[in-house]
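As structure tokens, the structure follows; a few thoughts come after it.
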Amino acid sequence: MIERSLRFAVAVLALIGAGIAGYLTYTHFNGSAPVCLTSGCEVVQKSRWSEIFGIPVALLGLLTYLGIVATTLVRHPLAKEVSATLAVTALGFNAYLLYVQAYDIGRYCTWCVSNEIVSALLTPVALAWLLWQPKDAPA
């Protein structure tokens, strides 16, 4: 039961992250400014840090979140490891992006910070899912 709840929580958080990253990917390719509570979203979205080798960072986030969702649908022992690895990697990259917003750009994107919060919530849940062992399972 606990494993099922952890799997579900990972899926839900990853879907929320995919929604945010999907919206930012859409606005990137559409050329429109994201709806924003601050003036920072468009500045961040158009900054030199919004792409890596011409690939939008938001698209990389979307693919990562969808990869995590896919792991929750697979009943293979490696699925948990892949999920946790993607989540930890995303958290590290999101920490870097938060630093960039604060110290290099000097503006915050509401959507980006929301994504970073989702990543910070998702990572410990994905790690808990990876490490959880049923009481009757061998250690």
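General remarks:
- Top-ranked residue in the range 34-52 [being out of contact with any Cys (no Cβ under 9 Å at 6 or more places or on another chain) and part of a loop (DSSP other than H, G, I, E, B); ranked as farthest from TYR99 (Cα to Cα)]: LEU37
- Flag for LEU59 being surrounded by fewer than 19 Cβ atoms within 10 Å (Cβ to Cβ), free of Cβ contacts under 8 Å to residues at least 24 places away in the same chain and either of a type in the set (Val, Ile, Thr) or part of a helix (DSSP H, G or I) (or both): no
- Restricting the range 75-108 to residues that are assigned to a helix (DSSP H, G or I), in contact (Cβ under 8 Å) with a residue 60 or more places away in the chain and more than 14 Å from the chain's Cα centre (by Cα), the residue that is surrounded by the fewest Cβ atoms within 10 Å (Cβ to Cβ) is ILE105.
- VAL113 assigned to a helix (DSSP H, G or I) and without any contact (Cβ under 8 Å) to a residue 24 or more places away in the chain: yes
- Boolean, THR64 is modelled with pLDDT of 95 or more and either surrounded by 14 or more Cβ atoms within 10 Å (Cβ to Cβ) or over 28 Å from VAL125 (Cα atoms) (or both): yes
- Filtered by the rule that a residue be farther than 21 Å from LEU66 by Cα and among the hydrophobic types (A, V, I, L, M, F, W, C), the range 84-139 gives LEU98, VAL100, ALA102, ILE105, CYS109, LEU131, TRP132, ALA137, ALA139.
- Test: ILE20 is of a type outside the set (Asp, Glu) and surrounded by fewer than 14 Cβ atoms within 10 Å (Cβ to Cβ): no
Yes/no matrix, rows are residues, columns are (1) surrounded by fewer than 21 Cβ atoms within 10 Å (Cβ to Cβ); (2) closer than 17 Å to LEU13 by Cβ; (3) not hydrophobic (A, V, I, L, M, F, W, C):
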| site | (1), (2), (3) |
| --- | --- |
| THR27 | yes, no, yes |
| VAL35 | yes, no, no |
| SER39 | yes, no, yes |
| VAL44 | no, no, no |
| GLY54 | yes, no, yes |
| THR110 | yes, no, yes |
| VAL125 | no, yes, no |
| LEU130 | yes, yes, no |
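- Flag for THR72 being in contact (Cβ under 8 Å) with a residue 12 or more places away in the chain, in contact with a helix residue (DSSP H, G or I) (Cβ under 9 Å, 6 or more places away or on another chain), closer than 26 Å to ALA102 by Cβ and assigned to a helix (DSSP H, G or I): no
- The set of residues in the range 18-33 being in a helix (DSSP H, G or I) and either free of Cβ contacts under 8 Å to residues at least 60 places away in the same chain or farther than 12 Å from THR110 by Cβ (or both) consists of ALA18, GLY19, ALA21, GLY22, THR25, TYR26, THR27, HIS28, PHE29, ASN30.
The values are calculated or read from the model by the stated rules, or taken from the named source; none is laboratory data. Values in this document were obtained by computation on a predicted structure and should not be read as measured data. Note: ideal-geometry Cβ built from the backbone for every residue, glycine included; neighbour counts use all protein chains shown.
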